[in-house]
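This report concerns only the one structure given below.
The values are calculated or read from the model by the stated rules, or taken from the named source; none is laboratory data. This is a predicted model, so every value here is computed, not measured. Cβ sites come from the backbone with ideal geometry, for glycine too, and all protein chains shown count toward neighbours. Accessible surface is based on the protein model in full, side chains and every heavy atom, while ligands, DNA and RNA are left aside. Shrake-Rupley method; radii C 1.70, N 1.55, O 1.52, S 1.80 Å.
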Amino acid sequence: MDTRRDALHSRVFDGLEEAARRDCLARGARQTVRRGHWVARQGEPATTFCLVDDGALKILQETAQGQELIVRFVGPGDPFGGVVALESAPYPVSALAVEPTQLFAWKAPELRGMLDAHPAVRANLMREMTAHMTDALTRVRELTTLRVGQRLAITLMRLARHCGRQTPDGILITHPLTRQELADLVGTTLYTVSRTLSQWETDGVLRSERRQLVLRSPRALARLADEA
């Protein structure tokens, strides 16, 4: 598991030497966002590209009926607002700080300057945006073809890859999650997630404590994800 993720080591800077990475960060403004504060709102003009250095953002999309759906979580090293590079586009989603968050922010002119100085960053941004689109399509397919238990297991495995840290007890998902947030990610009810997690705790697959999950048996979780 990768335990050294921050803005400097972001995938957005793949292919750049450390000096070039630091030049990119110097072009942005370091900001602190308090828990519960919005970084961006869906539909507003996209003016700022962000890269999380520490903390986490919850990415949400509002439906026509006013319901907010969790799209993903953005943690250290992850970008938000790549659509700014397309110019004259609105934010397609909202971003909410779910814990005190440190990030680097580039307004559109500064972002353009960074992309002109370091063209590899533009290609990396496009790759990240494509990956997010692919992930969204994959989740739609999972919702229509897989059972809830499989979807929950796959979601936990994704979270482990994204923000997992190896501990003596197993893989700790470092981002605190409520069971309601897990239910929203999986597309099911709070009752179903709570019942399933309780059974998996009994079976020794994972351990849950104070909004944190430890995957005690990733192999067992993988088998649950693959069950027909």
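Give the residue that is nearest to the chain's Cα centre (by Cα), with candidates limited to residues of the range 99-122 that are open to solvent by 30 Å² or more (accessible area, probe 1.4 Å) and under 27 Å from Q61 (Cβ atoms). The qualifying residue nearest to the chain's Cα centre (by Cα) is E99.
If you go through the range 17-45 and keep only what is touching a strand residue (DSSP E or B) at 6+ places or on another chain (Cβ under 6 Å), outside any strand (DSSP E or B) and surrounded by 13 or more Cβ atoms within 10 Å (Cβ to Cβ), you end up with L25, G28, R41, Q42. Restricting attention to the range 62-70, does a residue exist that is among the aliphatic types (A, V, I, L, M) and either in a helix (DSSP H, G or I) or in contact with a Lys or Arg (Cβ under 9 Å, 6 or more places away or on another chain) (or both)? Checked the range 62-70: at least one residue is among the aliphatic types (A, V, I, L, M) and either in a helix (DSSP H, G or I) or in contact with a Lys or Arg (Cβ under 9 Å, 6 or more places away or on another chain) (or both).
Restricted to the range 131-213, the set of strands (runs of 3 or more DSSP E) holding at least 1 residues that are polar (S, T, N, Q) comprises 164-167, 206-209. Return yes when A153 is of a type outside the set (F, W, Y), out of contact with any strand residue (DSSP E or B) (no Cβ under 6 Å at 6 or more places or on another chain) and open to solvent by less than 50 Å² (accessible area, probe 1.4 Å) and no when it is not. Yes, satisfied. What number of residues within the range 83-106 satisfy the criterion of being within 21 Å of D54 (Cβ to Cβ) and part of a strand (DSSP E or B)? Qualifying residue count, the range 83-106: 10.
Scan the range 151-182 for residues that are within 12 Å of I70 (Cβ to Cβ) and over 16 Å from the mean Cα position of the chain (by Cα) and jot them down. Passing the criteria: only Q180. Of the residues making up the range 198-206, none is within 27 Å of P76 (Cα to Cα) and of a type in the set (S, T, Y). Where the second residue is acidic (D, E) and in a helix (DSSP H, G or I) and the first is closer than 11 Å to G82 by Cα and at pLDDT 90 or above and lies in the range 122-137, which pairs have Cβ atoms under 9 Å and are six or more apart or on separate chains? Final answer for the pair search is R122/D116.
Cβ-Cβ contacts under 8 Å between residues 6 or more apart (or on different chains), taken from a first residue in the range 43-61 that is at positive phi and without any contact (Cβ under 8 Å) to a residue 60 or more places away in the chain to a second residue that is open to solvent by 20 Å² or more (accessible area, probe 1.4 Å) and charged (D, E, K, R), are listed as G55/E99.
Exactly one residue out of L172, L197 is over 24 Å from G55 (Cβ atoms) and either charged (D, E, K, R) or open to solvent by less than 40 Å² (accessible area, probe 1.4 Å) (or both), and it is L197. With respect to the conditions (1) open to solvent by 70 Å² or more (accessible area, probe 1.4 Å); (2) in contact (Cβ under 8 Å) with a residue 60 or more places away in the chain; (3) assigned to a helix (DSSP H, G or I), V12 falls short on a single one, namely (1).
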